[in-house]
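A short worksheet on the structure shown next.
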Amino acid sequence: MSYNHKASEEIVDFITSQIQSGVWKPGDKIWSENEFCAKLNVSRIAVRDAIASLTAISVLRKARGSGTYVENMDSVSLEGTRYFNLELSDVLELMEFRYAFDTYCTELFVERATPEEIDELEACYQEMVRHRDSDEKNYYSNRFHHLIAVGTKNKFIIKIADYLNSNLLSHQQFLSQAERLENYRIGVIYHKKILQAIREKDKEMAGIYCRYHIRLGMELYKKSQTSPKACE
């Protein structure tokens, strides 16, 4: 059977789905090369390429003479974490990082953003409000912070923001419907305050509003940990 790159990507997608669905958990042994070939009708080269790509970012771990295993979350690379479903404790740790990261990004945005980038941020906020009755509101809420990161003009900040943006939407799974609405309400209030401070070129207040917004979000997620309806 001939090898093609698409086959390798499809195998990566399959392994990812097995991990995210909980079929293969951290520490579990995955199929052998022969099993992949037989069950998915793919070439051995494609299987090896897929496994190598996931091993390189510590999603998988190869043990000589034993097989290939799903890596434990504590050993997974930053890039590799996007292949796993986050637990509530992981979400809170991520938000602790955002508490410092997003605040400084907002301050840099005030210093470096162009008028056009500020207008784009305003438009994103308006879309968030307009989609208040759909799940897209979460997309625009996350995009708001991503646009701020892009406006810093710092390539390392932007790369980290790309990673964060790919994981933040999963936060919603831990909240009940009522808590999701409260999370959205907090976002509307403080995104507007952040925008106003940015328009006024007040980086200190923009940073303070951002920090307070994230802290309220953290308190809401901690509340969801003890709520019996947290996973509805």
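A compact table of results
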| read-out | value |
| --- | --- |
| Selected from Ile57, Tyr184, Thr152, residue furthest toward positive end of dipole (the chain; charges at beta carbon) | Ile57 |
| Accessible-area composition of the chain, carbon plus sulfur, in percent [1.4 Å probe] | 50 |
| Unit charges on C-beta of K, R, D, E only; dipole of the chain, Debye | 300 |
| Within the chain, helix-based [θ] at 222 nm, where runs of 4 or more DSSP H residues each add -39,500 (n - 2.57), nearest 500 | -22500 deg cm²/dmol |
| Listed residue (Tyr221, Ile11, Cys124) projecting farthest to the positive dipole end of the chain, Cβ model | Ile11 |
| Partners for Lys203 among aspartates and glutamates (Cα-Cα distance below 16 Å; same-chain residues under 8 apart left out) | Asp102, Glu107, Glu111, Glu117 |
| Trypsin sites (Lys or Arg not before Pro) within the range 25-121, DSSP loop, no more than 13 other Cβ atoms inside 10 Å | Arg64 |
| For Leu60, residues with placed amide H under 5 Å, excluding near neighbours | Thr55, Glu71 |
| Pairs beyond 26 Å (Cα-Cα), from Lys137/Lys223; Lys137/Lys222; Lys193/Lys222; Lys153/Lys222 | Lys153/Lys222 |
| Dipole moment magnitude, nearest 20 debye, the range 35-123 about Cα centre, only Lys, Arg, Asp, Glu C-beta charged | 1200 |
| Nitroxide proxy distance, nm - points 7 Å out along Cα→Cβ at Ser17 and Arg130 | 3.4 |
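The values are calculated or read from the model by the stated rules, or taken from the named source; none is laboratory data. As the structure is a computational prediction, the values presented were derived from the model and not from experiment. A quick note on method: Cβ atoms are made from the backbone with ideal geometry, for glycine too, and the neighbour counts reach across all protein chains shown. Remember, those area values only see protein heavy atoms, side chains included, never the ligands or the DNA or RNA. Shrake-Rupley method; radii C 1.70, N 1.55, O 1.52, S 1.80 Å.
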